[in-house]
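Below you'll find the structure, written out as C-alpha coordinates, and then a few comments.
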Amino acid sequence: EISGELEVLHDLSAIDPLVVCMPVGEQRAMYSHKVPLPVQGEIHLGHRTYRLSLSDSIAFSDIHKAHYPRHTWWDWACFAYHAEDGRMIGLNLTHGMAQDPDRFTENAVWLDGNPQRLGPARFERNRGDLMQPWRVTTECGRAELRFIPQGGRSEDLDAGLISSNFQQLYGRWSGTLRHGKETLSFEGVMGLGEDHECHW
(Lines give C-alpha, C1' and ligand atoms only; values in the text may rest on other atoms or scores of the structure.)
Protein backbone atom coordinates (compact mmCIF):
# COMPACT_ATOMS: atom_id res chain seq x y z
CA GLU A 1 0.00 0.00 0.00
CA ILE A 2 3.04 2.27 0.12
CA SER A 3 4.79 3.61 -2.96
CA GLY A 4 6.52 6.79 -4.06
CA GLU A 5 9.64 8.45 -5.33
CA LEU A 6 11.85 10.92 -3.51
CA GLU A 7 14.79 13.06 -4.62
CA VAL A 8 17.31 14.15 -2.00
CA LEU A 9 19.68 17.00 -2.88
CA HIS A 10 23.20 16.90 -1.43
CA ASP A 11 24.74 20.23 -2.46
CA LEU A 12 28.19 20.36 -0.83
CA SER A 13 28.41 24.09 -1.53
CA ALA A 14 25.33 24.72 0.62
CA ILE A 15 25.40 22.08 3.38
CA ASP A 16 28.47 20.65 5.10
CA PRO A 17 28.18 17.02 6.20
CA LEU A 18 29.41 15.61 9.49
CA VAL A 19 32.17 13.12 8.61
CA VAL A 20 33.97 11.20 11.34
CA CYS A 21 36.28 8.22 11.73
CA MET A 22 36.59 7.01 15.33
CA PRO A 23 38.19 4.08 17.18
CA VAL A 24 35.62 1.62 18.53
CA GLY A 25 38.02 -1.02 19.89
CA GLU A 26 41.47 -2.49 19.53
CA GLN A 27 42.37 -2.11 15.84
CA ARG A 28 38.70 -1.38 15.07
CA ALA A 29 37.14 1.79 13.68
CA MET A 30 33.89 3.25 12.44
CA TYR A 31 33.15 5.76 9.68
CA SER A 32 30.05 7.94 9.56
CA HIS A 33 28.74 10.54 7.13
CA LYS A 34 25.60 12.32 8.31
CA VAL A 35 23.79 15.37 6.96
CA PRO A 36 20.26 16.88 6.85
CA LEU A 37 19.19 17.48 3.27
CA PRO A 38 16.25 19.00 1.38
CA VAL A 39 13.99 16.40 -0.22
CA GLN A 40 11.16 16.50 -2.76
CA GLY A 41 8.77 14.00 -4.30
CA GLU A 42 5.62 12.06 -3.49
CA ILE A 43 4.63 9.22 -1.16
CA HIS A 44 1.41 7.29 -1.78
CA LEU A 45 -0.20 5.57 1.19
CA GLY A 46 -3.40 3.80 0.22
CA HIS A 47 -5.61 6.46 -1.35
CA ARG A 48 -3.62 9.34 0.15
CA THR A 49 -0.78 11.22 -1.52
CA TYR A 50 1.79 13.23 0.41
CA ARG A 51 3.83 15.77 -1.55
CA LEU A 52 7.20 16.90 -0.25
CA SER A 53 8.82 20.13 -1.39
CA LEU A 54 12.41 21.34 -1.05
CA SER A 55 11.31 24.39 0.91
CA ASP A 56 9.67 22.51 3.78
CA SER A 57 10.82 18.86 3.74
CA ILE A 58 14.06 17.43 5.13
CA ALA A 59 15.67 14.00 4.89
CA PHE A 60 18.52 12.89 7.12
CA SER A 61 21.22 10.94 5.31
CA ASP A 62 23.16 8.47 7.47
CA ILE A 63 25.98 6.47 5.88
CA HIS A 64 27.67 4.28 8.44
CA LYS A 65 30.37 1.59 8.23
CA ALA A 66 32.17 -0.06 11.12
CA HIS A 67 34.17 -3.01 12.39
CA TYR A 68 32.61 -3.20 15.84
CA PRO A 69 33.82 -5.20 18.84
CA ARG A 70 31.77 -8.21 19.87
CA HIS A 71 29.85 -6.27 22.54
CA THR A 72 28.53 -3.00 21.10
CA TRP A 73 25.97 -0.51 22.37
CA TRP A 74 24.79 2.98 21.54
CA ASP A 75 22.11 5.61 22.08
CA TRP A 76 21.16 7.93 19.23
CA ALA A 77 19.10 11.10 18.78
CA CYS A 78 18.45 12.65 15.39
CA PHE A 79 16.10 15.28 13.96
CA ALA A 80 15.89 18.20 11.53
CA TYR A 81 13.37 20.99 11.01
CA HIS A 82 12.87 24.45 9.56
CA ALA A 83 12.88 27.37 11.98
CA GLU A 84 10.26 30.10 11.68
CA ASP A 85 12.69 32.22 9.66
CA GLY A 86 13.15 29.36 7.15
CA ARG A 87 16.59 28.20 8.25
CA MET A 88 17.22 24.47 8.43
CA ILE A 89 18.22 23.12 11.85
CA GLY A 90 19.60 19.62 12.33
CA LEU A 91 20.92 17.59 15.23
CA ASN A 92 22.85 14.35 15.66
CA LEU A 93 23.75 12.99 19.11
CA THR A 94 25.16 9.60 20.07
CA HIS A 95 26.59 7.97 23.16
CA GLY A 96 28.46 4.67 23.02
CA MET A 97 30.03 3.12 19.91
CA ALA A 98 33.42 4.82 20.33
CA GLN A 99 36.22 3.26 22.36
CA ASP A 100 36.14 6.36 24.58
CA PRO A 101 32.62 7.85 24.13
CA ASP A 102 33.47 10.94 26.19
CA ARG A 103 36.43 11.78 23.96
CA PHE A 104 35.28 10.68 20.51
CA THR A 105 31.79 11.71 19.38
CA GLU A 106 29.75 12.42 16.28
CA ASN A 107 27.67 15.06 18.08
CA ALA A 108 26.76 18.16 16.09
CA VAL A 109 24.11 20.78 15.46
CA TRP A 110 23.54 22.28 12.00
CA LEU A 111 22.32 25.81 11.46
CA ASP A 112 21.48 26.52 7.83
CA GLY A 113 24.04 24.07 6.51
CA ASN A 114 26.89 24.74 8.95
CA PRO A 115 27.61 22.06 11.60
CA GLN A 116 29.12 22.84 14.98
CA ARG A 117 30.51 20.21 17.29
CA LEU A 118 28.70 19.42 20.55
CA GLY A 119 30.12 17.77 23.66
CA PRO A 120 29.42 14.26 24.96
CA ALA A 121 25.72 13.41 25.23
CA ARG A 122 23.79 11.92 28.13
CA PHE A 123 20.60 9.91 27.59
CA GLU A 124 18.12 9.46 30.43
CA ARG A 125 15.17 7.14 29.80
CA ASN A 126 13.32 4.18 31.28
CA ARG A 127 15.10 1.13 29.80
CA GLY A 128 12.15 -1.01 30.89
CA ASP A 129 9.67 1.14 28.96
CA LEU A 130 11.28 3.22 26.22
CA MET A 131 7.90 4.70 25.27
CA GLN A 132 8.17 6.89 28.35
CA PRO A 133 9.68 10.39 27.80
CA TRP A 134 13.45 10.67 27.33
CA ARG A 135 15.74 13.46 28.48
CA VAL A 136 18.91 14.09 26.46
CA THR A 137 21.57 16.68 27.28
CA THR A 138 25.16 17.49 26.33
CA GLU A 139 27.95 18.11 28.79
CA CYS A 140 28.81 21.35 27.01
CA GLY A 141 25.38 22.67 28.06
CA ARG A 142 24.33 23.53 24.50
CA ALA A 143 21.54 20.94 24.15
CA GLU A 144 18.62 20.38 26.53
CA LEU A 145 16.11 18.03 24.91
CA ARG A 146 12.96 16.04 25.64
CA PHE A 147 11.73 13.17 23.45
CA ILE A 148 8.15 11.86 23.43
CA PRO A 149 8.14 8.50 21.57
CA GLN A 150 5.09 7.74 19.43
CA GLY A 151 5.99 4.39 17.85
CA GLY A 152 8.81 2.54 16.16
CA ARG A 153 10.35 -0.81 15.39
CA SER A 154 12.28 -3.26 17.50
CA GLU A 155 14.36 -6.42 17.37
CA ASP A 156 14.86 -8.78 20.29
CA LEU A 157 17.16 -11.52 19.06
CA ASP A 158 18.92 -14.09 21.23
CA ALA A 159 20.65 -16.83 19.25
CA GLY A 160 23.21 -17.84 21.84
CA LEU A 161 26.49 -16.33 20.67
CA ILE A 162 24.66 -13.60 18.77
CA SER A 163 22.13 -11.25 20.35
CA SER A 164 20.57 -7.91 19.50
CA ASN A 165 18.25 -5.75 21.55
CA PHE A 166 17.33 -2.94 19.17
CA GLN A 167 14.73 -0.19 19.59
CA GLN A 168 14.34 2.55 16.99
CA LEU A 169 11.57 4.97 17.92
CA TYR A 170 10.03 7.93 16.15
CA GLY A 171 8.41 10.77 18.01
CA ARG A 172 8.54 14.45 18.92
CA TRP A 173 11.57 16.38 20.16
CA SER A 174 11.33 19.62 22.13
CA GLY A 175 13.86 21.78 23.92
CA THR A 176 16.64 24.27 23.30
CA LEU A 177 19.86 24.29 21.27
CA ARG A 178 22.65 26.84 21.51
CA HIS A 179 24.54 27.57 18.29
CA GLY A 180 27.21 30.21 18.81
CA LYS A 181 25.54 33.13 20.57
CA GLU A 182 22.07 32.07 19.44
CA THR A 183 19.59 29.99 21.47
CA LEU A 184 17.04 28.03 19.45
CA SER A 185 13.81 26.88 21.11
CA PHE A 186 11.54 24.35 19.42
CA GLU A 187 8.51 22.20 20.18
CA GLY A 188 7.22 18.94 18.73
CA VAL A 189 9.84 18.37 16.02
CA MET A 190 9.64 14.92 14.41
CA GLY A 191 12.74 12.76 14.80
CA LEU A 192 14.28 9.50 15.99
CA GLY A 193 15.59 8.02 19.21
CA GLU A 194 17.50 4.74 19.25
CA ASP A 195 18.63 2.28 21.92
CA HIS A 196 20.78 -0.66 20.83
CA GLU A 197 22.89 -3.28 22.59
CA CYS A 198 24.23 -6.37 20.85
CA HIS A 199 26.77 -9.18 20.72
CA TRP A 200 27.85 -9.73 17.11
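Tabulated data for the structure shown
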item: Vicinal HN-Hα couplings computed from phi for region 28-42 (Karplus, 6.51 cos²θ - 1.76 cosθ + 1.60; Hz; Gly/Pro x); result: 10, 9, 10, 10, 9, 10, 10, 6, x, 9, x, 9, 9, x, 9
item: Distant-in-sequence amide H partners of A66 (H built 1.01 Å from N, under 5 Å); result: Y31
item: Heavy-atom surface of region 53-147, accessible at 1.4 Å and reported per residue (Å²); result: 48
item: Amide hydrogen neighbours beyond the local backbone of A14, cut-off 5 Å, H modeled; result: none
item: Net charge dipole size for the chain [Lys, Arg +1 and Asp, Glu -1 on Cβ; Debye, nearest 20]; result: 340
item: Rounded accessible area of D56 (nearest 10 Å², 1.4 Å probe); result: 100
item: Karplus-derived 3J(HN,Hα), 6.51/-1.76/1.60, for each residue of region 52-57, Hz, glycine and proline x; result: 10, 10, 4, 7, 9, 10
item: Vicinal HN-Hα couplings computed from phi for region 60-75 (Karplus, 6.51 cos²θ - 1.76 cosθ + 1.60; Hz; Gly/Pro x); result: 10, 7, 9, 9, 9, 9, 7, 10, 7, x, 4, 9, 10, 8, 7, 10
item: Relative contact order (%) - criterion: Cα under 8 Å, at least six apart; region: the chain; result: 17
item: Long-range tail of P(r) for the chain (Cα pairs > 24 Å, %); result: 44
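The values are calculated or read from the model by the stated rules, or taken from the named source; none is laboratory data. It should be emphasised that the depicted structure is a prediction, and the values quoted were computed from it without experimental measurement. Every residue, glycine among them, receives a Cβ derived from its backbone with ideal geometry; neighbour counts consider all protein chains shown. Protein only, heavy atoms only, side chains kept; ligands, DNA and RNA dropped before computing areas. Shrake-Rupley method; radii C 1.70, N 1.55, O 1.52, S 1.80 Å.
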